[in-house]
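Trainee: Before I ask anything, here is the structure I am working with.
Since every read-out is calculated from the coordinates, none of them should be taken as a lab result. Since we're looking at a predicted model, the values are computed, not measured. Cβ coordinates were reconstructed from backbone atoms using ideal geometry, including for glycine residues, and neighbour counts include every protein chain displayed.
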Amino acid sequence: MFVYEVKALAAKKKSGNTVGAVWALAERAASSAGVTIWDVRFVKEGADWFLRVFLDKPEGIGLDDCEAVSRALSALLDEEDPIEQSYCLEVCSPGINRELTRPEHFERFAGSPVRVKLIRPLPDGRRELYGELLSLADGEIRLRDEGENVITFAQKDSASVRLFDDDFEEE
């Protein structure tokens, strides 16, 4: 992960969607580096704000990719100044056990093993599911669990859906 501390100087409130504005800038920086944007998140953790840009490419993301995009994006963020408050820019890979959040993530990884953490337990008491991702359609995730049962639940009821490789289990 490559990290820069960025201080936004604007005193006036910015209008619009911060993630959307940053995504557009990040795509410009990423395309020049030959990578794509996996996700952009602007989150507050404690007293600090973090702008996290996750990169992807078929052969995997390296430190050089993160550094190139971070430098280019930092310059664009300084020029466009879309964020009012101070924040820390982090440019990184989504990792082996990446989180699936967008419809295109679910489409790309249909048929892959995933681990799902649910906000509320299923009627049988399970809050964590492992299995094969079948689809995401109309806000519903379909999964084939280890017992070959097909389970359908609302995407909004999941805390996280991550690719699962037990050789590289996180947490």
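Trainee: Can you give the helix-only mean residue ellipticity at 222 nm for the chain, where every DSSP H stretch with n ≥ 4 adds -39500 (n - 2.57) and the sum goes over all residues, rounded to the nearest 500 deg cm²/dmol?
Mentor: So the helix-based figure for the chain works out to -7500 deg cm²/dmol.
Trainee: Could you calculate the contour length gain from residue 138 to residue 150, that is, 0.36 nm times the residue separation minus the distance between their Cα atoms, to one decimal place in nm?
Mentor: Using 0.36 nm per residue and subtracting the Cα-Cα distance, I get 2.7 nm.
Trainee: Okay, moving on. Among [x] 1.02; [y] 1.19; [z] 0.94, only one was calculated for this model; which label is it, if the read-out is Rg/Rh (Cα atoms, Kirkwood Rh)?
Mentor: For Rg/Rh (Cα atoms, Kirkwood Rh), the calculated option is [x].
Trainee: Helix 18-33 versus the longest principal axis of the chain: what is the Cα-based angle in degrees, 0 to 90, to the nearest 10?
Mentor: 80
Trainee: Excluding the sites themselves, what is the longest stretch of the chain that contains no trypsin sites (Lys or Arg not before Pro) in a DSSP loop with at most 11 other C-beta atoms within 10 Å?
Mentor: For trypsin sites (Lys or Arg not before Pro) (loop position, at most 11 other Cβ atoms within 10 Å), the longest site-free span of the chain is 14-171.
Trainee: If I fit a long axis through the Cα atoms of helix 63-80 and take the longest principal axis of the Cα atoms of the chain, what angle between them do I get, 0 to 90°, rounded to 10?
Mentor: Around 60 degrees separate the two axes.
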